[in-house]
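Data block below; observations after.
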Amino acid sequence: MKSALIALCIAVFAIQPVGASANGPAPDELIRKLSDDVLEILRNDEKLRNGDVSNVVNLVEDLVLPHFNFRRMTMLAVGRDWRDASPEQQQRLMDAFYGMLVRTYSNALKQYRDQTIGVRPLRMSPSDKTVRVQTEIRQSGAQPVTVDYVLEQSADGWKVFDIVVAGVSLVTNYRGTFSQEIRVGGIDGLINSLETKGREFTRAPGQS
Amino acid sequence: MRAFELQSRVFAVLIACAVLVMSGCATRPSNPDDPLERYNRAMFSFNDKVDRAIVKPITTAYDTVTPDVVQTGVGNFFGNLGDVWIGLNNMLQGKVGDGLSDWMRFLVNSTFGLFGLIDVASEMGLQKNDEDFGQTLAVWGVGEGPYFVVPFFGPSTVRDALVLPVDVRGDPVWGLDHVPTRNTLTVLRLAHKRARLLGLEKTLDEGTLDRYAFTRDFHLQQRRYKVHDGNVPMEYEDFDLDEEASLVPYETESDVVARSAVERLELVSMIETDADSSMFVIR
């Protein structure tokens, strides 16, 4: 009886298509579609290729960032001090960090030349809440750069909360500098620095 | 050989200076990876000035003048020369398969790839590796030591900086006897490597609060990743949850495979014991 039950369980797990949950596409499908869409736009838009900044920023905000979990990203960048921040402080941290990531991501896209992106098929078990989708940016004449996206399942589909470039977690790499700011000026000090940095670059849009 | 000895001596002096600077300044609570921060920051901005004044202008010129196809060839050519030394380091680390693959790459690319200008080996599925003597020492158990910014070379650690002369020695370009050729190739390679990073300063300026600290943390993380050939476990906390529940161990792909394999074996063994016991009951 017990063995029959276990056999049934195994059969159910085997039949269920791995990763395709009720909400949205599987994580590797999501990343593949996202990178295809972005590359397609980068290749075809002459304005973007000539350095029109505003367009890239729109592209990032409309297409890419809705698939990111900013609360989680900000939390990981801030580290342990996140607990001590009030909800209002947390919100301001998230907004300022969002601006910073938009600038970083847009800058990265502006460097686009002729790279292609390969997404490795993902092996995951249906119970996984956190997965890592491995991709490779290939450019002729240079070693491919690995870019991994770490995603977690949420109510409205899989959300990216970290990008690991050549082995370096971008989100946790901020932690050293952020905790340095917090040591000096507290959480408000960090918020101020982030917001000041943001104002520095929004004042002169279109400059590159 | 004489050049090699001279370089070793210069490096030893530089590192001695850095240690002096460190002991001279008052200790302040800072990053445990970076006790030499004061010296490092000074050297970082010195390197930055050198870069702005000399390296970046040369690189920009190179990048403007050279078509992409040529740049690809240049990258492949220097990459190919590096594969011999990379292979030797893989051997020293006991990774014989990788070492043979690196040397195979060199043979294939030097012949079929027209003196390394075309990377045929990668098309054949022989992946390019990234090794150096600092990584070999790490595999042998030598700790990385404090973060250390090397004059002109940039971010490093004390361990890697001390063996930099060994890596320079293993570099075929630097070993060339014909000095004008050697110097030309060295400048070309520098320009080519720097050209890959032309957009980087802007990203660092706009995307970080402290260029120095961000660069340091990035270098150290990436170095550790390379030493472990990519097998660095990662953990992501969730600070919205309670203290105990906040540490969610992160699983790599191989972990998932391993775990599911273990689970499957357990199921099999459970089924077997189950069968055994039922047999026993029948008897």
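Of note:
- Restricting region B:69-157 to GluC sites (Glu not before Pro) that sit in a DSSP loop and have at most 13 other Cβ atoms within 10 Å of their own Cβ leaves nothing.
- Most to least packed among B:74-86, A:30-42 [average Cβ atoms within 10 Å]: B:74-86, A:30-42
- Across region B:145-188, the mean sequence separation of Cα contacts (distance under 8 Å, 6 or more residues apart), normalised by length, yields a relative contact order of 21 percent.
- Whether region A:95-140 is rounded, prolate or oblate, judged on the alpha carbon gyration tensor where a/c under 1.5 counts as rounded: oblate
- Cα-based shape type of region B:52-135, given that a ≥ b ≥ c are square roots of the gyration tensor eigenvalues and the cut on a/c is 1.5: oblate
- Per residue of A:160-169, other chain Cβ atoms within 10 Å of the residue Cβ number 5 on average.
- The contact between chain A and chain B removes approximately 4700 Å² from the accessible area (both sides summed; 1.4 Å probe; ligands, DNA and RNA excluded).
- Computed on region B:97-138, the Cα convex hull volume stands at 71 Å³ per residue.
- Other protein chain C-beta atoms within 10 Å of residue C-beta, averaged over B:71-77: 3.
- Gyration tensor verdict on region B:185-247 (Cα atoms; rounded if a/c is under 1.5, prolate if a/b is larger than b/c, oblate otherwise): oblate
- Fraction of accessible area attributable to carbon and sulfur, region B:94-143 (%, probe 1.4 Å): 71 percent
- Packing, taken as the mean count of other beta carbons within 10 Å per residue, orders the peptides B:183-194, B:151-162 from highest to lowest as B:151-162, B:183-194.
- Partner shielding of B:210-223 amounts to 4, given as the average count of beta-carbon atoms from other chains within 10 Å of each residue beta-carbon.
- Rg over Rh, two decimals, region A:79-208 (C-alpha only, Kirkwood Rh): 1.02
The values are calculated or read from the model by the stated rules, or taken from the named source; none is laboratory data. This is a predicted model, so every value here is computed, not measured. Counting neighbours? That spans all protein chains shown, and the Cβs are built from the backbone with ideal geometry, glycine included. Each accessible area value is taken on the protein alone, full model and side chains, heavy atoms only, with ligands, DNA and RNA left out. Shrake-Rupley method; radii C 1.70, N 1.55, O 1.52, S 1.80 Å.
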